[in-house]
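See below for the structure under consideration.
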Amino acid sequence: TTVNESATAAASGASATERFHADKSPYAAVKDVPAERVDTLAREVLEAIYTTVRAHKVTYDEFNALKAWLIGVGEDGEWPLFLDVWLEHVVEDVATEHREGNKGSIEGPYYVPDAPEQGAKGTISMRDDEGGTPLVWSGQVTSCDGSALGGAKVELWHADDDGFYSQFAPGIPEWNLRGTFTTDADGYFEITTVQPAPYQIPTDGSCGKLIAAAGWHAWRPAHLHVKVSAPGHELLTAQLYFPGDEHNDDDIASAVKPELILDPQQQADGTATVAYGFVLDPA
Ligand code: MBD
Ligand code: FE
C-alpha cells in the first residue's frame with residue numbers, strides 16, 4: 001500500500017469532531033432533554049465521582065492532572081474518540097437490549113454517510129495496490145420472521161492494511177474502503193474487499209496519554225464496520241471481527257461480541273471467503 005504519513009491525534013480528532021457536528025449534534029441538543037432527566041443523570045454521574053474522590057482521597061495534584069487532561073482532550077478534538085472508546089459500548093447495549101435479531105456494536109468515530117453505491121454484488125472502492133488479504137463476503141439480510149429483505153442497504157467502512165481510515169488519516173483516497181451495497185430481490189449481497197489490520201487508537205493525543213499513564217494498551221482488534229437498514233426495520237450498526245485476533249478478548253473499546261466473529265475460509269488462490277448475514281428487527 002501507499003506509505004501514509006502517520007495520522008496525528010489532532011488531525012484525526014479534528015476530522016471526527018467535524019463529522020460529529022455535521023451528522024449528529026444538530027439532533028442531540030442538551031436543551032431538548034427534560035430538566036428532570038438532566039438532573040438525575042448529571043447528579044448520579046457527579047455522585048459516582050465524589051464516591052471515588054472520597055474512597056481514594058484524591059489529591060489536588062491529581063485533581064489538577066485531571067483538569068489538564070480534560071482540557072487536552074478538547075484541544076486535541078478527541079472527545080468523539082474518548083466517548084466512543086470508553087462509553088458508547090454501554091449505551092449500545094442498553095439501546096439494543098430489546099432486539100431479537102442481530103447483535104450490534106458501537107459505531108465509533110469514523111462513519112461517513114453516503115459512501116459510493118456498488119449494487120448487490122460489487123467491489124468496495126480501493127487502490128490498485130491495496131494491501132491485505134482479499135475478502136469475498138456474501139450474505140442475506142432478513143427480517144426476524146425469516147423473510148428476505150430485498151433493497152436493504154449495507155454500508156461498509158473499515159481501516160486499511162495499515163490500520164488507517166480514509167477521511168481521517170492523510171494520503172488516502174476519499175472513499176477508500178467505504179461503500180454502500182443494496183441487496184437483490186432475495187435479500188442477498190456479495191462484497192469484495194480486503195481484510196483490515198488491527199487498529200491502534202492515536203497514541204500521541206490525550207487518549208493516548210491516559211492509556212500510557214494507566215499502563216493500558218491502545219489496540220482494537222481488526223474489524224469491519226457496517227450499518228444495515230431496510231424500510232420498516234430498526235437500523236443495525238455492527239462490527240465484525242476475525243477469529244484468532246489477540247485483541248478480541250481485550251478490545252480497548254469493549255465492543256467485541258462472540259456473535260460478531262466471522263468464520264473466513266482461506267482459499268487456494270490467496271483470497272478468503274466468508275458468509276455472514278443480518279437479521280433486522282421490525283421497527
Ligand atoms: C475505531 O476504529 C473504532 O472502531 C472505535 C470504536 C474507536 C476508535 C477507532
Ligand atoms: Fe473502527
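The values are calculated or read from the model by the stated rules, or taken from the named source; none is laboratory data. Quick caveat, the model's predicted, so the values are computed rather than measured. Backbone-built Cβ (ideal geometry, glycine too); neighbour counts: all protein chains shown. What goes into the accessible areas is simple: the full protein's heavy atoms, side chains included, and nothing from ligands, DNA or RNA. Shrake-Rupley method; radii C 1.70, N 1.55, O 1.52, S 1.80 Å.
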To the nearest 20 debye, the chain has a Cα-centred charge dipole, built from +1 on Lys and Arg Cβ and -1 on Asp and Glu Cβ, of 560 debye
Taking a label point 7 Å from the Cα of Ser25 along Cα-to-Cβ, the residues of region 102-128 whose backbone nitrogen sits under 18 Å from it are 108-113
Out of His225, Val90, Gly131 - ranked by how far each Cα lies towards the positive end of the dipole of the chain, with unit charges on the beta-carbon of charged residues - the top one is Val90
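Please figure out what share of the DSSP beta bridges in the chain is antiparallel and state it in percent, rounded to the nearest 5. List each step's numbers first, then the result.
Working: 30 of 42 bridges.
Counting only bridges with both partners in the chain, antiparallel ones make up about 70 percent.
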Using the Kirkwood radius over Cα pairs of region 229-281, the Stokes-Einstein translational diffusion coefficient at 10 °C and 1.306 mPa s, in µm²/s and rounded to a whole number, is 120 µm²/s
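What does the charge add up to near Trp69, with Lys and Arg as +1, Asp and Glu as -1, over the other residues with Cβ less than 15 Å from its Cβ?
Cβ neighbours under 15 Å give a net charge of -4.
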The set of residues whose placed amide H lies less than 5 Å from the amide H of Glu190, leaving out same-chain residues fewer than 5 positions away, is Lys121, Gly122
Under a Gaussian network model of the chain whose springs join Cα atoms within less than 10 Å, the largest fluctuation of Gly244, Gly104, Gly179 belongs to Gly244
Taking the chain and counting helices only, DSSP H stretches of n ≥ 4 at -39,500 (n - 2.57) each over all residues, the nearest-500 ellipticity at 222 nm comes to -9000 deg cm²/dmol
Projecting the Cα atoms of Gly163, Tyr199, Leu41 onto the charge dipole of the chain, where Lys and Arg contribute +1 and Asp and Glu -1 at Cβ, the residue farthest towards the positive end is Leu41
Per principal axis, largest first, the Cα atoms of the chain extend in Å by 61, 45, 33
Carbon plus sulfur, as percent of the 1.4 Å-probe accessible area of the chain, comes to 56 percent
Probe 1.4 Å, heavy atoms of protein chains only: per residue, the accessible area of region 1-144 in Å² is 64 Å²
Contact order relative to length for the chain, counting C-alpha pairs under 8 Å separated by 6 or more residues, stands in percent at 23 percent
Looking only at lysines whose Cα falls under 17 Å of Lys57's and that sit 8 or more positions away or on another chain, we get Lys67
Partner lysines whose C-alpha sits under 19 Å from that of Lys257, ignoring same-chain residues fewer than 8 away, are Lys103, Lys227
